[in-house]
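*Asks:* Questions regarding the structure given below will be posed in turn.
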Amino acid sequence: MPPTEEKNTLVKPETETWKSDMERVGFVRRLFMARNWYGADWWFVAISTVMVFAFIFVALFPGLLAPFKFDQVVGTSFLAPGEYPDVPVLIVRSESPVEKLLDLAVPAEAIRPTVGVIQGAPAATAVNEQSKTLDAQLISENKGLRLRPRIERYVTVEELMVAIDTGLVQAGVANLKEFDAVASSYPSLHSGASITSETASAGGFRMGTNDIGQDVLSRLIWGTRVALIVGFSSSSISLLLGVPLGLMAGYFGGSFDRLLSLLMDSLYAFPGLILAIAITAVLGPSIYNVIVAIAVLYIPTYYRIVRGQTLAVKEEVYIEAAQSIGARRGEILWKYIYPNVIPSIAIVFSVNVADAILTGAGLSFLGLGMPPTIADWGIDLARGQRYIQTAWWLITFPGIAIMLVVLAFTMMGEGLMEIYNPKLRER
Amino acid sequence: MPAESLFSIRNLTVEYHTRAGDVKAVDDVSFDIRRGEILGLVGESACGKSTLGKGLMRLHRVPARITGGELLFDGRDLMSLDEDEMRMVRGGEIGMVFQDPMTSLNPVQRIFDHLTETIQAHEPETSIAAARLRAEELVERLGIRRERLNEYPHQMSGGMRQRVMISLALTLRAKLVIADEPTTSLDVIVEAKFLDLLRELRQEFGLTILLITHNIGVVAEVADRVAVMYAARLVEIGDVRQIFANPQHPYTRGLLRSVPNITLDDAELYKMEGAPPSLLHPPTGCRFHPRCPSVMPICSQKHPPLESVGEDQQAACWLYSKEVKHD
């Protein structure tokens, strides 16, 4: 048929321009421009879903991913990301079995080991004092071991290094930064443990340490669990209470609906965080109370949406048809109205989780949320803000974490909403 | 055929409570539906046909309310039943087919679920498997392959959905099916098939059908008797052939004359004067009198009773009343 062929040739170039347009732009551009093309919002959903699942994975297995426990003191306080503390450490040859000062202990009658120090350095006195304390301990343990190193003094770091390298002394003691400065010239040497305490020499933490020497990264990872627990459980509680109430109010109507709507609207009208503060202030700081406070806050969100949808669905012909076949009221509510309302609830839930996490962090930040023994982003933020001028890493990383989680959940919810309800697009 | 009454409607009044005032959408309507017949109920839009149809099943929700009358169905007074007993009548004894097949099935339920749910709502002891077997037999009879029971409503055509609606009424052997403009949204071919199906089902299941429509042609095609409604009242009822051949009420006459037909030739189609009245403030007396070509003084004062005007034909018009002296 000639007319259809003609039509086809007319339509074809247009579709191709559209296609090439889409293909001409790069990946990142396509990501952002995707919203302009019909049905391309799946990018948003895909990326945010991956993020959401990544956060859920982290929250499920923090022990696998975090290098330390959240409440473990692992190093000196206020270490910047990647920084090592400048403490006196033991420096030995790489093949030497000696790692810490106690390794130098020998039987009482054996030859005393020599330890090199730099003249006048605080490390010199430190090694002396530490040796005496450790020796006293060894005597009390009564194993026949003694720690009485002979101290050799050198003028420069280089001299000390050469002495260690050539085996004149079994080990040397120098500040870590001094050693780092010359370490490249003496590849056979390496730094051992701190001579004062085990954790003092630990460093190189990805996100630094906080004011009491806890690993910021570990606290961040363990904090994900708390954030998601608060987000998911409070949203679930609101959902479990708000949805049935909304369904019943919408379906049965009457004074039940009016009374409940009045209550919910007054809850809704209250500024969210203030209400949550009031509730937690009364109940006291604990993770359960935070969940309850946030759950109360978001019940009206579900209630209003479900009630509105129920009112709309109730007027559909298939509800009347269900009545005409003799279906019970409960059946109509559960099998006819509820499944037609649920898609919009899923979307609200996703956005709601993000909101709840934010509110939970806000409460902790104000000191009303979690007890201080819990690893929580809000608490970390509150503790870190005192040191904002000296230790930027204390609040930056928890802040980014909160932002990313909230962004992921919100993006997923909004993306789903746009796909589910194209009417909202182009708004 | 001896005319045994299946459903006697006596003085039924249904009111809508609106802000503007109470509106009687069905006003003092009385008629019988006879066992095994197809009764066509015709009238203009908004004359109360659908309200009457729902009223027969007591399906009204606020703001509508049945304010008076009796509903005697198969020897039982439906008005005296409580909600739970009424629920058993709905679907069990009276089924309903709605106007728009596209929206009258639950979009998130499979066809199979609709049917088994109907069965289980009335016979909770029936197992799902047994219910499914019954449903399969029934839909095959109605010309839907049994595999399609697993589909969702949106996967079916309008005609098929309307057949599913019928099957919902038939699963429990309903005695009466109220079909509320069942063919309005179907094209003529599907409509014709559907009407054939209705006739077959009447033969096979001894079904009684109340066919609500504004399509005179459909009534002429399948109905045994026809009832004509105007402004919430019944104006004429009787055997379909008699009414089509010899309409008595001026409104019925006008209605039939305004239907286009092939014998019309060049003559202009009849157009009734005026417009249907607002039910909020209906005209006094006979509601048709402002538009009636043969209006008399009494018409605006008293409402005429439904009186016999021939064999199996009744009309509510003062023209045929013995009370009034005619010139």
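*Asks:* Can you name the number of the only condition in (1) under 21 Å from B:D312 (Cα atoms); (2) surrounded by 20 or more Cβ atoms within 10 Å (Cβ to Cβ) that B:A245 fails?
*Replies:* (2)
*Asks:* Quick one: which residue in B:V219, B:V235, B:V177 is β-branched (V, I, T), in contact with a His (Cβ under 7 Å, 6 or more places away or on another chain), at pLDDT 85 or above and surrounded by 19 or more Cβ atoms within 10 Å (Cβ to Cβ)?
*Replies:* None of the others qualify; the one that does is B:V235.
*Asks:* While we're looking at this one, here's another question. Does B:L195 satisfy being within 28 Å of B:G55 (Cα to Cα), part of a loop (DSSP other than H, G, I, E, B) and away from chain A (no Cβ under 14 Å)?
*Replies:* no
*Asks:* May I ask you to list the residues in segment A:135-160 that are on the phi < 0 side of the Ramachandran plot and of a type in the set (S, T, N, Q)?
*Replies:* Result: A:Q137, A:S140, A:T156.
*Asks:* Follow-up. So is B:L186 in a loop (DSSP other than H, G, I, E, B) and farther than 21 Å from B:R241 by Cα or not?
*Replies:* It is true that B:L186 is in a loop (DSSP other than H, G, I, E, B) and farther than 21 Å from B:R241 by Cα.
*Asks:* Tell me yes or no: at least one residue of segment A:306-315 is at the interface with chain B (Cβ under 8 Å from one of its Cβ atoms) and under 17 Å from B:P153 (Cα atoms).
*Replies:* Looking for residues that are at the interface with chain B (Cβ under 8 Å from one of its Cβ atoms) and under 17 Å from B:P153 (Cα atoms), one finds none in segment A:306-315, hence no.
*Asks:* Keeping to segment B:55-102, report how many residues are assigned to a strand (DSSP E or B), touching an Asp or Glu at 6+ places or on another chain (Cβ under 8 Å) and either hydroxyl-bearing (S, T, Y) or within 11 Å of chain A (Cβ to nearest Cβ) (or both).
*Replies:* So the count comes out to 3.
*Asks:* In segment B:103-112, what residues are of a type in the set (A, V, I, L, M) and more than 7 Å from every other protein chain (Cβ to nearest Cβ)?
*Replies:* Hit for segment B:103-112 is B:I111, nothing else.
*Asks:* Based on what the data block shows, is B:R61 touching a Ser or Thr at 6+ places or on another chain (Cβ under 6 Å) and over 18 Å from B:D224 (Cα atoms)?
*Replies:* No.
*Asks:* So, one more: Looking at A:I325, A:I299, A:I319, can you tell me which residue is farther than 30 Å from A:Q72 by Cβ, within 12 Å of chain B (Cβ to nearest Cβ), touching a Gly at 6+ places or on another chain (Cβ under 9 Å) and hydrophobic (A, V, I, L, M, F, W, C)?
*Replies:* The unique qualifying residue is A:I325.
*Asks:* Here is a further query. Answer with yes or no whether B:I212 is touching a residue at least 12 places away in the same chain (Cβ under 8 Å) and closer than 17 Å to B:S104 by Cβ.
*Replies:* For B:I212, the condition - touching a residue at least 12 places away in the same chain (Cβ under 8 Å) and closer than 17 Å to B:S104 by Cβ - is met.
*Asks:* Another one. For the condition modelled with pLDDT of 85 or more and either assigned by TED's automatic domain parsing to the domain that holds A:I388 or among the small types (G, A, S) (or both), what is the one hit in A:G203, A:G208, A:G120?
*Replies:* A:G208
*Asks:* Under 6 Å between Cβ atoms, at least 6 apart or on separate chains: pull out the pairs that start in segment B:234-259 with a residue that is touching a residue at least 60 places away in the same chain (Cβ under 8 Å) and end on any residue that is in a helix (DSSP H, G or I).
*Replies:* B:V235/B:Y251; B:E236/B:T252
*Asks:* If you check A:A174, A:A110, which single one turns out to be small (G, A, S) and touching a residue at least 24 places away in the same chain (Cβ under 8 Å)?
*Replies:* On inspection, the qualifying residue turns out to be A:A174.
*Asks:* Working only within segment B:113-130, note down all residues that are within 13 Å of chain A (Cβ to nearest Cβ) and not in a loop (DSSP other than H, G, I, E, B).
*Replies:* Correct list: B:D113, B:H114, B:L115, B:T116, B:E117, B:T118, B:I119, B:Q120, B:A121, B:H122.
*Asks:* Right, next: Suppose we filter segment A:114-139 for residues that are of a type in the set (A, V, I, L, M, F, W, C) and touching a helix residue (DSSP H, G or I) at 6+ places or on another chain (Cβ under 8 Å); how many remain?
*Replies:* Within segment A:114-139, residues that are of a type in the set (A, V, I, L, M, F, W, C) and touching a helix residue (DSSP H, G or I) at 6+ places or on another chain (Cβ under 8 Å) number 5.
*Asks:* Take B:Q301 and decide whether it is in contact (Cβ under 8 Å) with a residue 60 or more places away in the chain and among the polar types (S, T, N, Q).
*Replies:* Criteria not met by B:Q301.
*Asks:* Additional query: Report the residue count in segment B:145-171 for those that are surrounded by fewer than 20 Cβ atoms within 10 Å (Cβ to Cβ) and outside any helix (DSSP H, G or I).
*Replies:* Of the residues in that region, 5 qualify.
*Asks:* Which one is surrounded by the most Cβ atoms within 10 Å (Cβ to Cβ) among residues in segment A:139-175 that are farther than 22 Å from A:S96 by Cα and not basic (K, R)?
*Replies:* Applying the filter and picking the extreme gives A:I139.
*Asks:* Next up: Check segment B:159-175 and report whether any residue there is within 15 Å of the chain's Cα centre (by Cα) and within 30 Å of B:E311 (Cα to Cα).
*Replies:* yes
*Asks:* With A:V292, A:V282, A:V313, A:V306 as the choices, which residue is within 30 Å of A:D376 (Cα to Cα), among the aliphatic types (A, V, I, L, M), assigned to a helix (DSSP H, G or I) and touching a residue at least 24 places away in the same chain (Cβ under 8 Å)?
*Replies:* The match here is A:V292.
*Asks:* Right, another one. Quick one: would you say B:P304 is farther than 29 Å from B:S8 by Cβ and surrounded by 12 or more Cβ atoms within 10 Å (Cβ to Cβ)?
*Replies:* The answer is no for B:P304.
*Asks:* It is to be established whether one or more residues within segment B:38-49 are part of a loop (DSSP other than H, G, I, E, B), more than 9 Å from every other protein chain (Cβ to nearest Cβ), more than 15 Å from the chain's Cα centre (by Cα) and on the phi < 0 side of the Ramachandran plot.
*Replies:* No, there is no match, as no residue in segment B:38-49 is part of a loop (DSSP other than H, G, I, E, B), more than 9 Å from every other protein chain (Cβ to nearest Cβ), more than 15 Å from the chain's Cα centre (by Cα) and on the phi < 0 side of the Ramachandran plot.
*Asks:* So, of the residues in segment B:275-324 that are within 25 Å of the chain's Cα centre (by Cα) and not in a loop (DSSP other than H, G, I, E, B), which turns out to be farthest from B:L234 (Cα to Cα)?
*Replies:* For segment B:275-324, the residue satisfying everything is B:G310.
The values are calculated or read from the model by the stated rules, or taken from the named source; none is laboratory data. As the structure is a prediction and not an experimental result, all values here were calculated from the model. Glycine gets a Cβ as well: all are built from the backbone with ideal geometry, and neighbour counts include every protein chain shown.
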